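Colleague: This is the structure I want to talk about, given as structure tokens.
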Amino acid sequence: LFRSPNMMDLDPFHNLLFYSAIGFTFGTDNIMAFKIQPDGSIASSGFTFGVYNPAAVTLDPSYQYMYTTEVDGYTGKPEIVSIKYSGTDGSGTIYSGPLTRPSAKAIQIAVSR
């Protein structure tokens, strides 16, 4: 399985690094979380499964939720998904969505209060 980072974001409160990972096999895509160590190195920490072809990833200002764009693996429709994640290891579960979005490839998502 090959994982290629498309977009990533940092959670400075929980020392987590998130990035989208796309696999070569249908259904293996996910958002990966890494714990940032005191020396600056990173260690594998958690995953959010059930996201298809994730691209842009962003965290909300409270550092409890993550948002990503995806392309539905069954219909090919572009969507936005919100994910609630654990501050402990970054593991997440889909919280709401998917919401349909325009068909252009999203390159960035922004969140504000």
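Colleague: Restricting segment 80-113 to residues that are more than 15 Å from Glu70 (Cβ to Cβ) and open to solvent by 90 Å² or more (accessible area, probe 1.4 Å), which is modelled with the lowest pLDDT?
Modeller: Arg113
Colleague: For residues that are without any contact (Cβ under 8 Å) to a residue 24 or more places away in the chain and either open to solvent by less than 10 Å² (accessible area, probe 1.4 Å) or part of a loop (DSSP other than H, G, I, E, B) (or both), tally how many sit in segment 32-62.
Modeller: 6
Colleague: A further question follows. Within segment 24-53, can you find the residues that are in contact with a strand residue (DSSP E or B) (Cβ under 8 Å, 6 or more places away or on another chain) and over 18 Å from Ile94 (Cα atoms)?
Modeller: Passing the criteria: Phe34, Lys35, Ile36, Gln37, Ile42, Ala43, Ser44.
The values are calculated or read from the model by the stated rules, or taken from the named source; none is laboratory data. Bear in mind that the values here come from a model prediction, so they are computed numbers and not experimental data. Cβ sites come from the backbone with ideal geometry, for glycine too, and all protein chains shown count toward neighbours. Remember, those area values only see protein heavy atoms, side chains included, never the ligands or the DNA or RNA. Shrake-Rupley method; radii C 1.70, N 1.55, O 1.52, S 1.80 Å.
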